[in-house]
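The values are calculated or read from the model by the stated rules, or taken from the named source; none is laboratory data. Computed from a prediction, not measured in an experiment: that's the story for all the values here. We place every Cβ from the backbone using ideal geometry, glycine too, and count neighbours over all the protein chains shown.
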Amino acid sequence: MAEIPSTMPPLGMSAPAFALPDTSGRVVTLEDVATARGFLAVFMCNHCPFVKHLRAQLADFGRECQAKGIGVVGISSNDAEHYPSDSPEAMVREVAEVGYTFPYLYDEDQSVAKAYKAACTPDFFLFDGNRQLFYRGQFDSSRPGIGLEVTGHDLRGAAHALLAGREAPAQQLPSIGCSIKWKPGNEPDHFT
């Protein structure tokens, strides 16, 4: 399992717009997800061992955020033709199995992943109420096979700071995960 770090785009980056189908086929936009308190975009997929490692805690954290007024959206940008376990049909099963309460969207042409400069799964982007990037980085320091409990410490701390009106955390460590499975010839410029 290859470990790829997130690209860590600059804080303050404006949230790129999106309009993507969720697991029911309904199109969800940035305007549907972003709130006055902020929103979290998570680039994820079904088969990645890094996502599987934290998916139960991610589902819980998503519910916590939503209860506090932070919008949450999961986005899968993987090439489903070559990775059928990440297909929209498989995403429906994943939502039911894990209990995600946030929309899980499919970025078939991978343009949204490129716009956010997403690199890996999972890759987390927390935006403030003005849709400016407040935090990008890891959920916490736990990884598959290292024996650390999954707590969401880093992302949870950033969300608490955002809600309290404090500054963004000074230390933001890259997320680590599997690379987004780009369609052949569709690799983004930020990797070359």
Requested in this report: Please specify each residue of segment 1-46 satisfying the condition of being crowded, with 16+ Cβ neighbours inside 10 Å and at pLDDT below 95.
Outcome: I4
Requested in this report: Tell me which residues, restricted to segment 164-178, are in contact with a helix residue (DSSP H, G or I) (Cβ under 9 Å, 6 or more places away or on another chain) and either among the aliphatic types (A, V, I, L, M) or buried (at least 17 other Cβ atoms within 10 Å of the Cβ) (or both).
Outcome: A168, P169, Q172, L173, S175, I176, G177, C178
Query raised in the report: For segment 60-76, which residues satisfy the criterion of being of a type in the set (G, A, S) and part of a loop (DSSP other than H, G, I, E, B)?
Result: G69
Requested in this report: Could you list all residues from segment 172-186 that are in a loop (DSSP other than H, G, I, E, B) and at pLDDT 95 or above?
Outcome: Q172, L173, P174, S175, I180, K181, W182, K183
**Report entry** Subset of segment 37-59 [hydrophobic (A, V, I, L, M, F, W, C) and assigned to a helix (DSSP H, G or I)]
**Finding:** F50, V51, L54, A56, L58, A59
Requested in this report: Being part of a loop (DSSP other than H, G, I, E, B) and out of contact with any strand residue (DSSP E or B) (no Cβ under 8 Å at 6 or more places or on another chain) is the filter here, so list the residues in segment 8-36 that pass it.
Outcome: P16, S24, G25, R26, A36
Report task. Please find, within segment 117-149, the residue that is surrounded by the most Cβ atoms within 10 Å (Cβ to Cβ) out of those that are more than 10 Å from the chain's Cα centre (by Cα) and closer than 18 Å to P188 by Cα. Result -> A119
Requested in this report: Name every residue in segment 78-131 that is acidic (D, E) and farther than 13 Å from N46 by Cα, in order of residue number.
Outcome: E81, D107, E108, D109, D123, D128
Requested in this report: Kindly list, by first and then second residue, each pair from a residue in segment 99-124 that is farther than 13 Å from G74 by Cβ to a residue that is among the β-branched types (V, I, T) and at pLDDT below 95, limited to pairs with Cβ atoms under 9 Å and residues at least 6 apart or on different chains.
Outcome: A119/I4; C120/I4
Report summary line: Cβ pairs under 8 Å, 6+ apart or interchain, first in segment 155-178 and touching a residue at least 12 places away in the same chain (Cβ under 8 Å) and of a type in the set (V, I, T), second surrounded by 17 or more Cβ atoms within 10 Å (Cβ to Cβ) and part of a loop (DSSP other than H, G, I, E, B), ordered by first then second residue, are I176/S6; I176/Q138; I176/R143
Query raised in the report: How do the pairs read when you match residues in segment 52-72 that are closer than 17 Å to A96 by Cα and at pLDDT below 95 with residues anywhere that are among the hydrophobic types (A, V, I, L, M, F, W, C) and surrounded by 15 or more Cβ atoms within 10 Å (Cβ to Cβ), using Cβ under 7 Å and keeping only pairs 6 or more apart or on different chains?
Result: none
Query raised in the report: Got a number for residues in segment 26-61 being among the polar types (S, T, N, Q) and under 14 Å from the mean Cα position of the chain (by Cα)?
Result: 2
**Report entry** Test: residue in segment 77-92 that is without any contact (Cβ under 8 Å) to a residue 60 or more places away in the chain, surrounded by fewer than 20 Cβ atoms within 10 Å (Cβ to Cβ) and part of a loop (DSSP other than H, G, I, E, B)
**Finding:** yes
